[in-house]
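Take a look at the structure set out below.
The values are calculated or read from the model by the stated rules, or taken from the named source; none is laboratory data. Since the model is a prediction, treat every value here as computed from it, not as a measurement. Note that each Cβ is placed from the backbone with ideal geometry, even for glycine, and that neighbours are counted across all protein chains shown. Ligands, DNA and RNA are excluded from the accessible area calculation, which covers all protein heavy atoms including side chains. Shrake-Rupley method; radii C 1.70, N 1.55, O 1.52, S 1.80 Å.
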Amino acid sequence: MEEVLSVIEKVAPDVMDTLKERHQILRNIYLLGPIGRRILADKVGISERSLRTEVDVLKKQHLVHSTKSGMLLTPLGEEVYRSFDQLMGQQLGMGNREKNLAAYFQIEQCIIVPGNLDKQSRVITDLSRATYETLDFLLPDGKNIIAVMGGTTMAAVANRFDENLSRNRELFFVPARGGLGESVEIQANSISAKLAEATGGKNQALYVPEQVGKETYGFLLKEPSVKKTLDLIKKANCVIYSIGDASHMAQRRGLDNEILALLEDNAAVAESFGEFYNAEGEVVYKIPRIGMQSSKLTTIPSVIIVAAGESKAEAIKAYMKNAPSQTWLITDEGAANQILKGITL
């Protein structure tokens, strides 16, 4: 199909211009809807009069409808948009960007969804769908143990799963870490339980603080329920997690002023698995923690990272220097375009 589009562009460039324009109209309604005509015209870069003509065509095809708040895609419009966006993404170089980013990070695959999560909350829907589809592609039939981290991104992603993922599979979800003392909804335990419920799978909780003292750490490891969960984590064949901004994660973890100063002095930009990284991908501080350790990642067949938004670009770029080769990174254009600036492969 990509070749067909290339031929059309050569033979009838005016047709391609129309396709690109309508793609942009559908894309902006999808990401920003409900959206008014004036704002949409500015986003697409055409006059309101021209926009009205194009929108009328899309309405006749039952792809767009108007509300008091602005234009929205119909259910059919969303379905058509996703297929159309994938097709146009190939033509407009999205596939090349995915390949370039995967090659730059030396990982198995990169998936880039449209938009910038920092500015368009709707992007989380596409990140969720891409995560679901990646799992469906990677997980073998039979028993699967999936370790999941916490955080706002993971909590949002978990809302989009359903029982179809369990077809021919027995899914067992486990939290990859203890609690951070943060909102219950974004703790790994809650997200693991939510995924199990949504997919018809099973869940094993880990009811311990993530950060503990040395004496408490040794005692908790002997607790039967904790040991059972940690044993399951060791058997995980898939892990899903995100990457955090160092300063934001330090605040969320409630680190004291001395540690905050250390992170600032060492220019920490990223955090994952309780480890803080500088721009070169070097660990500048590590928190003793209960749960999966980053050293385990190289032995897990399927590693999936979900991190997006232009503001996350620096953190993603730093952490990915440590990502194992079998990693799949799911991100958005906001982060990807920022990372790819100035990169020569």
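Would it be correct to say that VAL174 is modelled with pLDDT under 95 and in a strand (DSSP E or B)?
Yes, satisfied.
Being in contact with a Ser or Thr (Cβ under 9 Å, 6 or more places away or on another chain), small (Gly, Ala, Ser) and in a helix (DSSP H, G or I), is that true of even one residue in segment 145-157?
yes
On the phi < 0 side of the Ramachandran plot and touching a Gly at 6+ places or on another chain (Cβ under 7 Å): does that describe GLU282?
No; evaluated as a whole, the condition is false for this residue.
Given the residues THR298, THR327, which is the only one that is in contact with a Pro (Cβ under 6 Å, 6 or more places away or on another chain), of a type in the set (Val, Ile, Thr) and within 23 Å of LYS99 (Cα to Cα)?
THR298
Does any residue of segment 167-174 turn out to be loosely packed, with under 15 Cβ neighbours inside 10 Å and on the phi > 0 side of the Ramachandran plot?
Looking through segment 167-174, at least one residue is loosely packed, with under 15 Cβ neighbours inside 10 Å and on the phi > 0 side of the Ramachandran plot.
Could you identify the single residue in THR153, THR131 that is of a type in the set (S, T, N, Q), crowded, with 23+ Cβ neighbours inside 10 Å and either closer than 15 Å to ALA193 by Cα or modelled with pLDDT of 90 or more (or both)?
THR131
Which ranges mark the strands (runs of 3 or more DSSP E) fully within segment 224-284 that have 2 or more residues being open to solvent by 40 Å² or more (accessible area, probe 1.4 Å), more than 29 Å from ASP332 (Cβ to Cβ) and out of contact with any His (no Cβ under 9 Å at 6 or more places or on another chain)?
Once the strands (runs of 3 or more DSSP E) in segment 224-284 are filtered for at least 2 residues that are open to solvent by 40 Å² or more (accessible area, probe 1.4 Å), more than 29 Å from ASP332 (Cβ to Cβ) and out of contact with any His (no Cβ under 9 Å at 6 or more places or on another chain), nothing remains.
So LYS43 passes all but one of these: (1) exposed (fewer than 13 other Cβ atoms within 10 Å of the Cβ); (2) modelled with pLDDT under 90; (3) under 22 Å from ILE124 (Cα atoms). Which condition number does it fail?
(1)
Quick one: ASN266 ticks every box in (1) of a type outside the set (D, E, K, R); (2) modelled with pLDDT of 90 or more; (3) under 30 Å from GLY142 (Cα atoms) except a single one, so which number is it?
(3) is the only condition that ASN266 fails.
Scanning for something charged (D, E, K, R) and either assigned to a loop (DSSP other than H, G, I, E, B) or open to solvent by less than 30 Å² (accessible area, probe 1.4 Å) (or both), does segment 89-106 turn up at least one residue?
No; the residues of segment 89-106 include none that is charged (D, E, K, R) and either assigned to a loop (DSSP other than H, G, I, E, B) or open to solvent by less than 30 Å² (accessible area, probe 1.4 Å) (or both).
Just to verify a result, which residue in segment 285-296, among those that are aliphatic (A, V, I, L, M) and buried (at least 18 other Cβ atoms within 10 Å of the Cβ), is farthest from the chain's Cα centre (by Cα)?
To start, the set of residues in segment 285-296 that are aliphatic (A, V, I, L, M) comprises 287, 290, 292.
Then keep just the ones that are buried (at least 18 other Cβ atoms within 10 Å of the Cβ); that gives 290, 292.
Details: ILE290: 24, MET292: 20 Å.
So the residue we want is ILE290.
So, ALA323, is that one small (Gly, Ala, Ser) and within 18 Å of the chain's Cα centre (by Cα) or not?
yes
Test GLU185 against the criterion of being under 26 Å from ILE290 (Cβ atoms), more than 17 Å from the chain's Cα centre (by Cα) and of a type in the set (D, E, K, R), and give yes or no. Spell out how you get there, then give the answer.
Working: under 26 Å from ILE290 (Cβ atoms): yes; more than 17 Å from the chain's Cα centre (by Cα): yes; of a type in the set (D, E, K, R): yes.
Spelling it out, GLU185 is indeed under 26 Å from ILE290 (Cβ atoms), more than 17 Å from the chain's Cα centre (by Cα) and of a type in the set (D, E, K, R).
Out of all the residues in segment 17-40, which are farther than 21 Å from SER121 by Cα and hydrophobic (A, V, I, L, M, F, W, C)? Before you say what the answer is, go through the steps one by one.
Step one: list which residues in segment 17-40 are farther than 21 Å from SER121 by Cα, which gives 17-22.
Within segment 17-40, just LEU19 meets the criteria.
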